[in-house]
Amino acid sequence: MPADTGIEGRDQAPSEVRVAGEVEELERRFQELVDADQRIEPRDWMPEGYRRTLIRQIAQHAHSEIIGMQPEGNWITRAPSLKRKAILLAKVQDEGGHGIYLYSAAETLGVSRDELVDLLHSGRQKYSSIFNYPTLTWADVGAIGWLVDGAAITNQIPLCRCSYGPYGRAMVRICKEESFHQRQGYDILYTLARGTPRQREMAQDAVNRWWWPSLMMFGPPDEASQHSAQSMAWGIKRHSNDELRQRFVDVTVPQAEVLGLSLPDPEIRWNEDRGHYDFGPIDWDELRRVVSGDGPCNRQRMAHKVAAHENGRWVREAALAYEAKLEAGYKRGARASGRAA
Amino acid sequence: MTTAGSRPTPAGRPTPPGTGGAPTPPGNRATGVTSEDLVTYALRLGDDALIMAQRLGSLVTNLPELEEDLAVANIALDLLGQARALLTYAGQLEGKGRGEDELALERDEREFLNVQLVELPDRDFAVTMGRLLLFSTYQLGLYRALTGSRDETLAGVAAKAAKEVAYHRDHAEHWVVRLGDGTEESHARMQAGLAEVWPYGAELFEVDAVQERLERAEVAPDLAALRPGWESSIGEVLAEATLEPVETSWEPSGGRRGLHTESFGYLLAEMQHLRRSHPGARW
Ligand SMILES: [Fe+2]
Ligand SMILES: [Fe+2]
């Protein structure tokens, strides 16, 4: 609840009642804080647009972590060694943990996780389109770690300094784990690239399929990006989509050389004048198609997520019913069940 | 995260009587049991943990809530860690150059020595949690007793694993109680789930000649002595959960001799196909 505003008129929500000039003053102070790189905390006043933008972005990020568990979880049962199986299980578990931190960060803005999950299930909120591509071979697990986690890190490192405190702090924890994921993915590909001819072929094929979708993870080109300017002014975004994409390409091309794998873009070459790698045009129609629901796995991912939720309804209902009995004193109460250990 | 590094060391444990603290070769004079028996034992325990981890791992992203996906992944990871330590040990004792991966991913159905309980398909969350309750309660009693084994490696694995499975058991209990005493539907499903897994519990306590020899040498705990504790511990949970004990005269068995259920071949096919499709490859 907002603090007492000292204003009469209890029929209206207090946060919306402001004397003339007060909102301008609050906005001015808010922008001063943001401009001075200070953190905005949940109890601070914030513009409604800022709040809504953050909810949308953090929720989309949380949903991406959760949906991303599917394509990788797809290989847990089939990992080619027990060590790789353990690493993959731990990675999928980390991604779920990221989803939980992020949902909690969103909850500080006055929405509940249940509401956000409903918005995802009803298609009104999205998740990263990258997870609408299938993981067809073991090498895809490596390519996701190297490229997808790599692109995510490039996007997320600046978010550690996001003006909204809870989001920035969640990102610090998440980025540490993402960099482990990236190294593990790279290690999978490194091993495959030095393995048998068939393993090498598997690695190259995965990189060919994941390269362009990874570049699309940075979003549309700057001239077509709807929300960027305002997000920059609010200290949510620090760099444009194209800047981040370039940074990712610059870091990744030399890594591909060390792997001994090629990237599926004949136009990649070092540009001495720009001090960056040039790369070929991205197929934005493909991104639009996948975002709008026509990627290879959009339907499958959502059906899987919704089915898990629906199939688990009776379990969640049982837990609630049990808690209600405990509260009503019907049970003797806390026997040592639960997490005593 | 090397294979060798993942094996808990028995350092710091009190020296078992009779070994005089001297390093003893595996399989071994100190315990007086044959390597062959020890290999069988390490495979039985390791295969139990491995197959249970495989079943649980396949559930991740399918569970009733996000926290449950994480909890089940965590339990699967613990079990996988136990399996790796035990299979690595079995491979060393066997001395044929097989490591954890060759044993897990290149053996055939008839060579696996896990109980059938752990290979049952997870038809329903109630089955999953009912099975986890039976299995983790057994593992908890077993590992606690095994920390006193005269085999130092097994004792070391058990000391670490006992802490892990105590949490698994708490988790299973948490759910069995909530499902049993939750709604009418959950009660019915939990009772049915329990009925499905219960008959397979008996195999956990089966004693054959190998087990007998290991018990006599104080390498393996006395299973018959563990059983009453297992039964009363589960009985308490069932009472708390308002569930009826299952009456059955059917006691399927055979896992310890490599006889499995039909579903097991599919589990192995999925788990092993990639490695088997690339003979000799490194991953
Ligand atoms: Fe993540
Ligand atoms: Fe990640």
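The values are calculated or read from the model by the stated rules, or taken from the named source; none is laboratory data. Fair warning: this is a prediction, and the values are worked out from it, not measured in the lab. In this analysis, Cβ positions are derived from the backbone assuming ideal geometry, glycine residues included, and neighbour counts consider all displayed protein chains. Remember, those area values only see protein heavy atoms, side chains included, never the ligands or the DNA or RNA. Shrake-Rupley method; radii C 1.70, N 1.55, O 1.52, S 1.80 Å.
For segment B:176-195, which positions are more than 7 Å from chain A (Cβ to nearest Cβ), open to solvent by less than 40 Å² (accessible area, probe 1.4 Å) and either within 17 Å of B:ALA76 (Cα to Cα) or of a type outside the set (A, V, I, L, M, F, W, C) (or both)? Scanning segment B:176-195 gives B:GLY180, B:GLY193. In segment A:94-116 there is no residue matching the filter, namely being away from ligand 1 (no atom under 15 Å from the Cβ), under 30 Å from B:LEU105 (Cβ atoms) and among the charged types (D, E, K, R). Checking the structure you have, find out if any residue of segment A:270-281 is away from every other protein chain (no Cβ under 14 Å) and of a type in the set (A, V, I, L, M, F, W, C). There is at least one residue in segment A:270-281 that is away from every other protein chain (no Cβ under 14 Å) and of a type in the set (A, V, I, L, M, F, W, C). As for segment A:202-217, it holds no residue that is outside any helix (DSSP H, G or I), closer than 24 Å to A:ILE55 by Cα and more than 16 Å from ligand 2 (Cβ to nearest atom). For first residues located in segment A:300-325 and more than 8 Å from chain B (Cβ to nearest Cβ), partners that are in a helix (DSSP H, G or I) and surrounded by fewer than 16 Cβ atoms within 10 Å (Cβ to Cβ) and lie 6+ apart or on another chain with Cβ distances below 6 Å form the pairs A:VAL306/A:HIS121.
The residues on offer are A:GLU95, A:GLU107, and the sole one that is out of contact with any Pro (no Cβ under 8 Å at 6 or more places or on another chain), open to solvent by 30 Å² or more (accessible area, probe 1.4 Å) and acidic (Asp, Glu) is A:GLU107. Of the residues that make up segment B:229-244, is at least one of a type in the set (Ser, Thr, Tyr) and over 23 Å from the mean Cα position of the chain (by Cα)? Yes.
Inclusion of A:ALA62 among residues that are of a type in the set (A, V, I, L, M), within 16 Å of ligand 2 (Cβ to nearest atom), open to solvent by less than 30 Å² (accessible area, probe 1.4 Å) and without any contact (Cβ under 8 Å) to a residue 60 or more places away in the chain is warranted. A search for C-beta distances below 9 Å between a residue of segment A:183-201 that is farther than 21 Å from A:VAL253 by Cβ and any residue that is open to solvent by 40 Å² or more (accessible area, probe 1.4 Å) and part of a helix (DSSP H, G or I), counting only pairs 6+ apart in sequence or on different chains, returns A:ARG198/B:SER277.
Take the conditions (1) modelled with pLDDT of 95 or more; (2) within 14 Å of chain A (Cβ to nearest Cβ); B:LEU259 misses just one of them, which is (2). Identify all residues within segment A:170-195 that are within 14 Å of ligand 2 (Cβ to nearest atom), open to solvent by less than 70 Å² (accessible area, probe 1.4 Å) and away from chain B (no Cβ under 14 Å); write none if there are none. Selection gives A:ALA170, A:MET171, A:ILE174, A:CYS175, A:GLU178, A:SER179, A:HIS181, A:GLN182, A:TYR186.
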